[in-house]
Each structure stands twice: as structure tokens, then as C-alpha cells.
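Trainee: Let me give you the structure first, and then I'll get to my questions.
The values are calculated or read from the model by the stated rules, or taken from the named source; none is laboratory data. What you are looking at is a predicted structure, and each value in this text was computed from that prediction instead of being measured. All Cβ positions, glycine included, derive from the backbone under ideal geometry; neighbour counts span all protein chains shown.
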Amino acid sequence: MKDFWLIKVFRGTGYTLVLLLEALGLFTHAWKRRAAIMGQMHIIGAQSLPIACFFMLLIGMVFALQTGIEFARFGQTNLVGLVIVSAMVRELGPWMTAFVLVARVGSSMAAEIGTMKVSEEIDALEVMSVNPVSYVVMPRVFAYAIMGPVLTVFGTLVGIAGGAIVANIQLGVKLEDFLRFAERGAEPLDIYWGLLKSLVFSLCAAAVACSNGMRTSGGAVGVGQASRNTVVIALTLTVFLNYLLTSFYRMVKRLVAGLM
Amino acid sequence: MAGTDTSQRKARVDPNKPVVEFIGVRKKLSGRMILDGLDFSVRRGETFVIIGYSGTGKSVSLRHMVGLMKPDEGSIRIDGDEITTMTQRELEVLRRKFGVLFQSGALIGWLNLFQNVELPLLEHTKMSKRKRAEVVQEKLELVNLWQDRDKFPSEISGGMKKRAGLARAIALDPQIVLYDEPSSGLDPVIAHEIDKLINRLRDSHGMTQIVVTHDMESAYTIASRIGMFYHGKMLQIGTPNEIRTSAVPEVQHFITGGREGAVSTRSDAAIQHGRAPGMLSQRTAEAIDAAADAAPTEQVYVLLEERPDDGTPAPAGAPSTTPELKPEAELESTQEHQTHEEKP
Ligand SMILES: Nc1ncnc2c1ncn2[C@@H]1O[C@H](COP(=O)(O)OP(=O)(O)O)[C@@H](O)[C@H]1O
Ligand SMILES: [Mg+2]
């Protein structure tokens, strides 16, 4: 009676994609649901800001320390700023923020929707002819998609600041040297690309969380399972998509450089 | 606004036509026949009570009624409209006829009671804020919760959740209200309050109501008719009096809490193992069918669980009291097997 696991994977993926498209297609309801979207933006964005900043600060600090030690061997400690900025803007900023969000928001989003599902609240909405995708899923997906990139901006800035502090205090790099090289770390296109990545990760995590929530069955155990699956799948997808996107970006950049 | 709506609708429709009709509905879930040829119909303005053992598919049949589940076979008609083939859009229109009280109330956790009752009005009407507040007040006062309107579902008791769920269910003055175990988990006084509410809605609003319960006292208080759900179909349908004096042993067994009457052997075996009687496992059913074809070699017999004539009230003392015997094949579990052999 049990379905082959691959079939389950395909069915889950299909459901998630359809759910995401349906939620995005319901953007016309966004104005009607603005209160819900704002509420979710508060939970996803404002409440996650401290933890995201704390994470990024320490990551920036450790990163500066590690690269600084290596650069010092070649007497190039000044280059720390360049490395930190390029890594933060293109890689660490978007996906470390995505990690923090999945852990803090994705898991609880799946658990919340999963609880609604097993306590028949989703059914109740459906019976009242209130589309649960519009009422529950859409506000979460939109809020996540907006706040993911916003948090990435903050996280990246804080991460760079953390790097600068360590470079200044522990590595003895003058702040103006740090900034001088930092400017060369990223061009505007890199910044937009980083934000686009963050948007992709956010949509992906929100869709996975909502989809796992909506497919929950089997009481409290099922809710726990939905939450766990969300974290595992969303994190896996994030690193995987990140690799694909980075490869793609390099390819495009090379092509553009070749043309010019 | 909603009031004139219902009266117009009433004038148009034939009062004798059934509001809800199930015809030969079958549904298999995780390998088990949960609904197995379910036949019944509910008349306008009556309170139809469905009784039956827990975990046998009463909630599943309610979910079919509002199109949350589709049957594998058979036909379901609401006001004469076939709903099994309806599109999502058509179902949304259909569901406006229904109010549903779910087993746990199913209130939205982040809305307070006022907002919960207001939700269907916000979504489906263009009422002004003040008009909405009036309707919400009327419904919450009906269930005696107006003073608790600012509380959130997590702050109130189970009985209050159910009453609030009822207020929300009737916010749009539906024609048909479905209740899934409205009195389970409540103390007798509150449970009786809910029964009185159900009767009030029938008498003053003329609502058609379908109530799933296993509280017999409540069933006798509210029912126009009672249907006993057993092995995926209606074993007997009758007035409260007909059910009380039923000659069907399974019905007697249920309504007396197992003190009188009897159930089929396999149900009995299930009870011995602390499981719900009255649910047919697909594998066991197939085993029995197979055994009917094969030559009977074993000397063990079980009571055949399906009656030849379902849905209609069994005549007193008819087939039900003289059970048909069938040779038993390999039963699903050895545990059940042992129980049978212990029988004299
Ligand atoms: N969506 C579903 N998928 C699989 N099995 C289900 C589903 N819904 C209910 N069931 C099974 O159907 C049986 C009947 O459930 P239910 O209708 O809730 O019983 P009750 O008569 O107590 O209301 C149970 O054994 C349950 O496990
Ligand atoms: Mg039930």
C-alpha cells in the first residue's frame, strides 16, 4: 500500500511548486490581506533581526580573523576588507541569512500551518469558502519574500562591520585601508545578484514550509515531522540552489567580459 | 438581508425533496473501506443524528457532504445537485449553504472570538462595519459568549470553543448545519446547553441539521431521526423511539453501551483488543469473500458482517436476529483468530 519514496518526492515537489505559483498568483489579494502580510513581516523580519545580526556579526569576525592570519603570512593583511566584502555580498550574506530564517521562521511556519491542518482549521476555512492559500499561505510567502532580502542587507552590513572591527583591533588594519580595499570587493551587479539569490532562497523556504504544513497529517507527531522536514529540505535546497546560482553567475560574467 | 434570502429559498423548493442524499457512496482510505455503500437522505428542517462507534467513518461521511472528500463510487446530492462532479468554484458556491461545527471548534488561533465570527461576514458580504458588529453580537449572544468576545481561542475552554465555532458556523444563516460530536468532551450541563441550541435553531430558524454523536441521551433529545452507522453504511434509520426499541442486536449493543444486544464476531474481537468495532478492513473483507468461493474446510464460523438489506430499517426479528453463517477463511490477524476459537 505504501508508495515508492521517489513517487512521494515527486508528488511533494509538484504540490510545493503548484502551491507557490498559486500563492504568487494571488497577489491581487495582497491589498485585502495587507494586515496579515504586515503581521507576518513583523514576525519574519523585525523579530528575526537581532538573531540574524548577531549571527552575521560573528561570522564576519571569524572570517576576518581566519583570512587575516593567512594574509599576514604574505604581508597582505590590508586585503582582508576586499575578501570579506566580496564573500559577504555574494555568498555569506544571502545564504547565512537564509539559514537563520529557515531555522527561526521556516520551522515554526510549518508547525503553525500543520497545527491548523490537524486541528481542522484549514478544513474550516475551506468549508467557509475562504481559500486557505489566500488566507494563510499567500501572506506568509509574500512577507518572507520581502523580509528575506531586507534581512540580507542588514546581515551583510553587520557582517562586514564585524570583519572591520576584527581587522582593526586584532589584525591592526587601519579603517581607511579596510574601506579602500572593501570598495573593490563588490560592484553593484554583485549586490543585486546577492539580493536576487536571497529572494530565491526566501521563496523556496516559504514554499517548502507552507507545503509541509498543508500536507501535515497525524496529530502532534505529524506536526513535528512537518517542521523537521521543512528544515532539512529548505536547507538542502538553499545550498544546492546557491551552488547553481553562483556557477551561473560566473558563467554570465565571463561571457559578458568576453563580449567587451 | 440573509433572513429574507432563506425565506425566498424556502418558498421555491419542494419541502418534501431531500436536502441531502447519499446513494451507494463508497470510499476507501488507507486500504480500508470506510464508506461501503452508504445510503441515506435528510429531509428539510429535520435534525438527523448519526450514531456509531468512534473511528468508523462518521466524520468522513460529513466531509463528503461538503465536498472536502470525493467518494470513489456513488452519488451525493445536495438540494438535488450532484456534488461529486462539481468544480472547485461550484463547490465554493455550494458550501455557502452549509455551516459546519468541527469536533474541536476549529477557530482560527490568531483571531479573537469576535473576529472569528466576523470572518465569514468579512469574506463573503459587503456589510458595513456596524452591520457586521450587529450580526456578530446576535450570534455570540445566541451562544452566550458576547462577554468573552475579546478572548482568544487558546484562552477559553473546550465548551466555549464549540459554542464559538457554532456561532461562526451560523454567521451567514446557512440552510444546513453539520455538527461533528458537539457534546464530546463537555460536561453534561454544557452538553445539554448545546442540545438546547440545536433545538432552538431547528424551531426558530428552520435549519436542517445533521449531528454526529455517540452521546445517546443527546441523540434522543435532538433527533427527528437517528441513523446507526456501522461498517460503512446505515444499519438502521428510524425515529428516536424506533431506535430505542430496535430489535437489531448491533443497535441495541451500541445504545446500551454494550450491556445488551451483540455485535458481529469480528467487531467483538476488535472490542476484546480495545479497538473500535464496526469498521471493515479491506483485507478481512476480501478474505471472507474468498472463503465463500472456496470449499468450507474449517469448522470455525464467523457472523457475516454485511447485511443484504442496508439503509432501510430492519424489520423486528428479521435477518439481524438470525445471523447468517459463513465459513471463515484466514482471518487478518492471529489475535482475532484466537478470540474466535475461544468462543463456545
Ligand atoms: N484523510 C484520511 N486518510 C486516511 N485515513 C483516514 C483519513 N481520514 C480518516 N481516515 C480514517 O478513517 C477512519 C474513520 O475516521 P473518522 O471518520 O474520523 O471516524 P469517526 O467515526 O470517529 O468520526 C479512521 O480509521 C481514520 O484513520
Ligand atoms: Mg469523528
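Trainee: Go through the stretch B:137-155 and report how many residues are touching a residue at least 24 places away in the same chain (Cβ under 8 Å) and surrounded by 15 or more Cβ atoms within 10 Å (Cβ to Cβ).
Mentor: Qualifying residue count for the region: 10.
Trainee: Quick one: in the stretch B:172-183, of everything that is among the acidic types (D, E) and within 16 Å of ligand 1 (Cβ to nearest atom), which residue is farthest from the other protein chains (Cβ to nearest Cβ)? Explain how you work it out, then say what you get.
Mentor: Within the stretch B:172-183, the first condition is being among the acidic types (D, E), and the residues that meet it are B:173, B:180-181.
With the extra rule that they be within 16 Å of ligand 1 (Cβ to nearest atom), the set shrinks to B:180-181.
Working: B:D180: 8, B:E181: 12 Å.
Per the stated criteria, the residue is B:E181.
Trainee: In addition: Considering only helices (runs of 4 or more DSSP H) fully contained in the stretch A:81-160, which possess at least 2 residues that are within 12 Å of another protein chain (Cβ to nearest Cβ) and over 20 Å from A:T16 (Cα atoms)? Can you show your working first?
Mentor: Values: elements: A:93-101, A:107-118, A:121-127.
It comes to A:121-127.
Trainee: Which numbered condition trips up B:L62, out of (1) in a loop (DSSP other than H, G, I, E, B); (2) within 16 Å of ligand 1 (Cβ to nearest atom); (3) within 14 Å of chain A (Cβ to nearest Cβ)?
Mentor: The number of the failed condition is (1).
Trainee: Tally up the residues in the stretch B:80-104 that are modelled with pLDDT under 90, among the small types (G, A, S) and surrounded by 14 or more Cβ atoms within 10 Å (Cβ to Cβ), please.
Mentor: Number of matching residues: 1.
Trainee: Follow-up question, since we're still on this one. Which one of these is at positive phi and surrounded by fewer than 22 Cβ atoms within 10 Å (Cβ to Cβ): B:G158, B:G258?
Mentor: Working: B:G158 fails: at positive phi.
Exactly one residue qualifies, and that residue is B:G258.
Yes/no matrix, rows are residues, columns are (1) within 16 Å of ligand 2 (Cβ to nearest atom); (2) touching a residue at least 24 places away in the same chain (Cβ under 8 Å); (3) more than 9 Å from every other protein chain (Cβ to nearest Cβ):
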{"site": "B:G57", "(1), (2), (3)": "yes, yes, yes"}
{"site": "B:P71", "(1), (2), (3)": "no, yes, yes"}
{"site": "B:G80", "(1), (2), (3)": "no, yes, yes"}
{"site": "B:T84", "(1), (2), (3)": "no, no, yes"}
{"site": "B:K129", "(1), (2), (3)": "no, no, yes"}
{"site": "B:V135", "(1), (2), (3)": "no, yes, yes"}
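Trainee: If A:S217 satisfies all but one of (1) under 24 Å from A:P149 (Cβ atoms); (2) modelled with pLDDT under 95, what's the number of the condition it fails?
Mentor: Going through (1) under 24 Å from A:P149 (Cβ atoms); (2) modelled with pLDDT under 95 one by one, A:S217 breaks only (1).
Trainee: Can you name every residue in the stretch B:21-30 that is out of contact with any Ser or Thr (no Cβ under 8 Å at 6 or more places or on another chain) and away from ligand 2 (no atom under 15 Å from the Cβ)?
Mentor: Within the stretch B:21-30, the first condition is being out of contact with any Ser or Thr (no Cβ under 8 Å at 6 or more places or on another chain), and the residues that meet it are B:26-30.
Residues satisfying the conditions are B:R26, B:K28, B:S30.
Trainee: Please work out which residue is nearest to ligand 1 (Cβ to nearest atom), limiting yourself to the stretch B:22-59 and to residues that are of a type in the set (D, E) and surrounded by fewer than 19 Cβ atoms within 10 Å (Cβ to Cβ). So that I can check it myself, show each step before the final result.
Mentor: Going through the stretch B:22-59, the residues of a type in the set (D, E) turn out to be B:36, B:39, B:46.
So of that shortlist, the ones also surrounded by fewer than 19 Cβ atoms within 10 Å (Cβ to Cβ) come out as B:39, B:46.
Values: B:D39: 17, B:E46: 21 Å.
Per the criteria, the residue is B:D39.
Trainee: Here are some residues: B:I176, B:I198, B:I194. Which one is touching a Ser or Thr at 6+ places or on another chain (Cβ under 6 Å) and either touching a residue at least 40 places away in the same chain (Cβ under 8 Å) or of a type in the set (D, E) (or both)? Break it down stepwise before answering.
Mentor: Numbers: B:I198 fails: touching a Ser or Thr at 6+ places or on another chain (Cβ under 6 Å); B:I194 fails: either touching a residue at least 40 places away in the same chain (Cβ under 8 Å) or of a type in the set (D, E) (or both).
Among B:I176, B:I198, B:I194, only B:I176 is touching a Ser or Thr at 6+ places or on another chain (Cβ under 6 Å) and either touching a residue at least 40 places away in the same chain (Cβ under 8 Å) or of a type in the set (D, E) (or both).
Trainee: Take B:L186 and decide whether it is away from ligand 1 (no atom under 16 Å from the Cβ) and assigned to a loop (DSSP other than H, G, I, E, B). Full working, then the answer.
Mentor: Working: away from ligand 1 (no atom under 16 Å from the Cβ): yes; assigned to a loop (DSSP other than H, G, I, E, B): yes.
Against the criterion (away from ligand 1 (no atom under 16 Å from the Cβ) and assigned to a loop (DSSP other than H, G, I, E, B)), B:L186 qualifies.
Trainee: Also: Identify all residues within the stretch B:125-166 that are outside any helix (DSSP H, G or I) and over 17 Å from B:I194 (Cα atoms); write none if there are none. Outline the logic, then answer.
Mentor: The first filter runs over the stretch B:125-166 and keeps only residues outside any helix (DSSP H, G or I), leaving B:125-128, B:143-145, B:149-152, B:156-157.
Those that are outside any helix (DSSP H, G or I) and over 17 Å from B:I194 (Cα atoms): B:T125, B:K126, B:M127, B:S128, B:R149, B:D150, B:K151, B:F152.
Trainee: When you go through B:L178, B:L107, B:L122 one by one, which is the residue that is modelled with pLDDT of 90 or more and assigned to a helix (DSSP H, G or I)? Walk me through it before giving the result.
Mentor: Numbers: B:L178 fails: assigned to a helix (DSSP H, G or I); B:L107 fails: assigned to a helix (DSSP H, G or I).
Among B:L178, B:L107, B:L122, only B:L122 is modelled with pLDDT of 90 or more and assigned to a helix (DSSP H, G or I).
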